[in-house]
Amino acid sequence: MTALRRFLPLILLAAAFAAIWWSGLTRELTWAGLARNQALLAGWVGAHPVLAGGVYVGLYAVSTALSLPQAALLTIAGGLLFGAVLGTGLAVTGATAGAIVLFLAARSALGEALARRGGAALGKVREALQRDGFSYLLAIRLIPLFPFWLVNLAASVCGMRLGVFALATLIGIVPGTFVFASIGAGVGSVLAAGGTPNLSVIFSLPVLGPLLGLAVLSLAPIAWKRWKRGDG
């Protein structure tokens, strides 16, 4: 039974990956696939809003737990189908749930293998999280300097408490998610015309400036603590 508990996260993630691969969702999670199916998806969301929201959150959570590379596309799809505000809420819920799954998996039989995957970059993030915990994780979530999966892993193997991890993740990903969901809320005509949304707006000063400001503000407690330590 103990061995089963250790390997259960691995079994569940492998089963989820196999199911997604078999269903063909990875081949449909493209700009072309979204453009081709947006009318069908919009109609289904309109007819089954609660079920559609649940399916979207579940899909986002699985995608995050498996570290699939379609996070930006899924977030934009959420804005397209549910609107900027609701799409943000659903995406944040799914991303946080998926991050928690990967966080917990890293404490099971997956931990050693995932730590090897992280390499030297994992060591840098891990040391910072061990020192400053919530504030540092919040700053990383606001300005994603490292891959999402790597941060999830580092937080787990450094011994961060689940509640702290979940709260910093939940708060930290809201601003960036809202930007992408807002893009999605206005790209229906672009996709219908066969175009691809211009995501360079995320790097523009009006968007990136406030995110950087929030990240700096989240690091203020760390700076204060170090200043006090040096002053003493």
Being surrounded by fewer than 17 Cβ atoms within 10 Å (Cβ to Cβ), more than 17 Å from the chain's Cα centre (by Cα) and either at pLDDT below 75 or hydroxyl-bearing (Ser, Thr, Tyr) (or both) is true for just one of Arg126, Arg116. Which residue is that? Arg116
Filter result for Ile140 (outside any loop (DSSP other than H, G, I, E, B) and surrounded by fewer than 19 Cβ atoms within 10 Å (Cβ to Cβ)): no
Between residues in the range 46-66 that are modelled with pLDDT of 90 or more and residues that are of a type in the set (S, T, N, Q) and surrounded by fewer than 20 Cβ atoms within 10 Å (Cβ to Cβ), which pairs lie under 6 Å by C-beta distance while being six or more apart or on different chains? Val57/Thr93
Residues in the range 84-95: is at least one surrounded by fewer than 20 Cβ atoms within 10 Å (Cβ to Cβ) and within 10 Å of the chain's Cα centre (by Cα)? yes
Take the residues of the range 29-38 that are assigned to a helix (DSSP H, G or I) and of a type in the set (A, V, I, L, M): which is surrounded by the fewest Cβ atoms within 10 Å (Cβ to Cβ)? Ala32
Hits in the range 168-184 - residues which are under 17 Å from Gly133 (Cβ atoms) and surrounded by fewer than 22 Cβ atoms within 10 Å (Cβ to Cβ): Leu170, Ile171
Within the range 39-106, helices (runs of 4 or more DSSP H) holding 1 or more residues that are under 13 Å from Ala185 (Cα atoms) and out of contact with any Ser or Thr (no Cβ under 7 Å at 6 or more places or on another chain): 71-82, 84-105
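The values are calculated or read from the model by the stated rules, or taken from the named source; none is laboratory data. As the structure is a computational prediction, the values presented were derived from the model and not from experiment. Positions of Cβ are backbone-derived with ideal geometry, glycine not excepted, and every protein chain shown enters the neighbour counts.
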